[in-house]
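Written out below as C-alpha cells is the structure these notes cover.
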Amino acid sequence: MDDQWGIAEYDPEWRSLFLEVGRNIREVLGDIADRIDHVGSTSIVGLDAKPIIDIQISIRNFEDVSQYKNKLESIGFVYRKENPDKTKRYFREVPGHRRTHIHVRQTGSYSEQLTLLFRDYLRKHKEDCIRYSAEKHRLMGLYKHERQKYVEGKGPIVWEIIQKAHIWSQEIGWKPGKPDL
C-alpha cells in the first residue's frame with residue numbers, strides 16, 4: 001500500500017477508482033441513496049491531492065443508520081461512530097485497503113450542498129484550484145507529521161474559497177447537477 005498521507009499529482013485513475021466503489025455502493029444501497037457523488041480534491045481534474053477517494057452519499061432518512069450501515073459494511077467499510085461531525089455519518093475502508101472516505105449526509109442539508117458547491121466551484125475556477133493546490137503543498141511541507149495542524153492550516157483558504165463559491169452560486173443560480181451515480 002502506497003503512502004497515502006502526502007500530496008500527489010492529479011491522477012485521472014481517481015475517477016475510475018470512484019466509479020468502481022460508487023457502483024458497489026449503488027448496488028447495495030439501491031434507492032436508499034438519493035445521490036452518490038465523488039467529492040473532495042480527487043474529484044477535481046488537475047488538483048493535486050492526498051490520494052484518498054471521498055464519496056458523499058445523500059440519504060433522505062439520514063438518522064436511521066440501520067438502513068445503510070450493514071449494507072456499507074458488507075462491501076468493506078467500517079462505521080466510525082466516534083466521528084465528531086454530527087452532520088454526517090462517516091465510514092472508512094477496512095484497514096489494509098486503499099483509503100476511501102464515505103460521508104453519508106442528509107439529502108438537501110447545508111453540509112451536503114456545501115460539499116457539492118465547493119467541488120463544483122473549484123471545477124470551474126482553475127485559478128483558485130491552483131492556489132488551493134499550492135497551499136496544500138506548502139502545509140504538507142510544514143506539517144507532514146502533524147495531520148491535525150495540516151487540516152487546521154487549510155481552514156483559511158477553504159473558507160475564502162467557500163465565500164467566493166457562495167457569490168458565484170448566486171450569480172449563476174447554482175444548484176447541484178445530476179449525481180455521479
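Computed quantities for the displayed model
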item	result
Bridge type composition, the chain - antiparallel percent by DSSP, nearest 5	70 percent
Extended-chain gain in nm, criterion 0.36 nm per residue less alpha-carbon gap, E13 and K164	51.5 nm
Full-extension gain in nm, H145 to V65, via 0.36 nm per residue minus C-alpha separation	25.4 nm
Over 25 Å (Cα to Cα) - which of K126/K175; K71/K144; K50/K71; K50/K149; K126/K178; K88/K149 fall in this group	K71/K144; K50/K71
Size of the chain as Cα extents on the principal axes (Å, biggest first)	42, 40, 30
Square roots of five times the Cα gyration tensor eigenvalues for the range 73-170, Å	25, 20, 12
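Read-outs throughout are calculated quantities, based only on the coordinates presented, and are distinct from any laboratory measurement. Values in this document were obtained by computation on a predicted structure and should not be read as measured data.
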